[in-house]
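Q: Just dropping this structure here.
Read the figures in this text as sums done on the coordinates, not as results from a lab. All figures in this text were calculated on a predicted structure; none of them were measured in a lab. FYI the Cβ positions are ideal-geometry reconstructions off the backbone, even for glycines, and counts take in every protein chain you see.
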Amino acid sequence: MSPTAKHVNHELSPMRCPVTLDDVDLFGEGAQEHWYEAYEILHREEPVYRIEGGGLTPGTDAYVITKHADLLRIVRDPERYISLTQTRITAIADQDMSPEEAYETHHNLMQASMVSLRPTQELYIRHRKELTDPWVGTGALRHREMIERHANELLDKWIDSDEVEFISQFARPLPQHVFASILGFPHEDIPQLAEWGDAAVTPFVHGTGLRHEMTPEQAEEMIARLDGFQDYIYDHVTAKRRDPQDDMVSFLCDVHYEALDRKLTDLEIAGIVHAMILGGLETTQYALEEQAQLLCENPGMFDLLRNDRSKLRAFTEEGMRMRAPTHGLSTRMTSQDEVFQGVTVPKGSLLHLRFGAANVDEEEFECPHELDLDRDAVTRHVAFSAGPRVCPGANLSRIEQQVGWGVLLDRLESIEYGDDNTWLHQPGIMLGTLKLNLRFEKAADPLDLGTGRGKKRS
Ligand code: HEM
């Protein structure tokens, strides 16, 4: 049994803990509670795991990729291993629709703006470089102080008690506030934005199987819950075109997109905002929440980090390696016959990328279930994927996690598990616990309060 898994989870899951390859089911009800045990079996017995009939077209199969080296090979070569989203968007583009028509008919895809914005790899890279990097990629450092402020404000609300439900009081609202500030949306709109964010991730939470398929009812409900989101963004775009502020939406309204030698349309801006909200809220929430659990499970770690902030970056990276938020988020299609780990994978197969499994591959990471702050090249995990399609918000999330923990370490003396935790993870293909009660001691003498960077104690 993997040392990372809490025994209690096995008792709560409706699914039996896998013992042999035949028991492995990564997608059934309660599978999340056994993912790490399943990965151990897959790594040992079938690291390229065939799901018969799991491909996109009848007679084709899907393959679950669990090894770090295979996963890197795939994500680094987007021409050879084609993104499923890209395939769908190309299919829409091939129908000769305008982006507006495509949005009307396929708006559950919601990245309809990509029809005009990123049909090729080159445009995809320029989209990132010119449009998102300045705010959530290379330019994300500028948000440090804003993130510290939000983290401190959240902490102010519960610092004088001795127990907190960490997800609803910190891990979830921090990225929400950060996003509202970056996009330039009023903070009082956060409950509504959160509802739209939750609706947008419906396929990843409530979809089934490796393609996150929704029933027609689920799709309808998702569209109904998203009602008003597009108009909300358009209203802000109109207001910011009139009266620009220092925020990402104003930037997108004004920027001359060199790749297409023109400005962006409202629909394109809405597509980018939607992608940011879809990608950036729950993921960082799960990272923070799993890191809190790692601190509870590793006695001495909280104190060590309090006293030596130079280790904080390694801690957050190890946290994302050991408990990746994104276990089965991405898929690719093979454009030719391939061989992985001696297994022949025919052209036209679906590759289901298991970032969480690759991150605990023993061949890449010695003692993968140990939280090792001195691990070589601590960022070589693939929680954010890698290659040209690596997560565009990775930098922002890394800063949110480091600043968030910096503030918590400044103002808290210790944390431990509180009472009444259910330990259960949400369904779907992300790793996120639903509730996390923590008991904590407030620091008698807060360290370097307000900077989040802390002082190295002597
Ligand atoms: C711990 C936090 C996060 C994790 C683990 C994570 C992970 C990932 C992964 C694995 C992918 C898929 C890449 C691929 O298929 O190769 C992805 C895509 C994406 N992420 Fe993140 N992400 C995080 C935070 C964020 C944030 C903060 C943002 C926004 C600022 C964001 C925006 C996106 C977007 C827009 C995509 C889709 C890119 C595309 O169209 O290819 N993510 N992320």
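Q: For the chain, what is the calculated [θ] at 222 nm in deg cm²/dmol (nearest 500), taking -39500 (n - 2.57) for each run of four or more DSSP H residues and dividing by its residue count?
A: Taking each H run of at least 4 residues, the total per residue is -12500 deg cm²/dmol.
Q: Let me ask you something else. Taking the Cβ of E195 as the center, what net charge do the other residues with Cβ under 12 Å away carry, scoring Lys and Arg +1 and Asp and Glu -1?
A: Local net charge: -2.
Q: Classify region 175-293 as rounded, prolate or oblate, taking a ≥ b ≥ c as the square roots of the eigenvalues of its Cα gyration tensor: rounded when a/c is under 1.5, otherwise prolate if a/b is larger than b/c and oblate if not.
A: It is prolate, given that a/c is not under 1.5 and a/b is the larger ratio.
Q: In region 217-263, which GluC sites (Glu not before Pro) are in a loop and have at most 15 other Cβ atoms within 10 Å, using DSSP for the loop call?
A: Here the GluC sites (Glu not before Pro) that fit, given the DSSP loop and packing criteria, are E258.
Q: Hey, another quick one. Would you work out the charge dipole size for the chain about its Cα centre, treating the Cβ of every Lys and Arg as +1 and the Cβ of every Asp and Glu as -1, and quote it to the nearest 20 debye?
A: My answer is approximately 1320 debye.
Q: DSSP loop (so not H, G, I, E, B), at most 15 other Cβ within 10 Å: list which GluC sites (Glu not before Pro) in region 290-367 pass both filters.
A: E362, E363, E366
Q: Rounded, prolate or oblate for the chain? Axes are the square roots of the Cα gyration tensor eigenvalues, ordered a ≥ b ≥ c, and the cut-off for rounded is a/c under 1.5.
A: oblate
Q: Report, by chain and number, residues whose modeled amide H sits under 5 Å from the one on I51, excluding near sequence neighbours (fewer than 5 apart, same chain).
A: Under 5 Å from the amide H of I51 lie the amide H atoms of A62, Y63, V64, each far enough along the sequence or on another chain.
Q: For the chain, please report how many Lys pairs fall under 28 Å Cα to Cα, leaving out neighbours fewer than 8 apart on the same chain.
A: 20
Q: Something else about it: Report the Cα centroid-to-centroid distance between region 336-366 and region 210-284 in angstrom, as an integer.
A: Here the two parts' Cα centres lie 33 Å apart.
Q: Along the Cα→Cβ direction, 7 angstrom out, place labels at H206 and E416. What is the inter-label distance in nm?
A: Using points 7 Å along Cα→Cβ, the separation is 3.9 nm.
Q: Additional query: Please name which of A140, M322, F179 has its Cα lying farthest along the dipole of the chain towards the positive end, using unit charges on Cβ (Lys, Arg +1; Asp, Glu -1) and the Cα centre as origin.
A: Checking the options against the dipole of the chain, the answer is A140.
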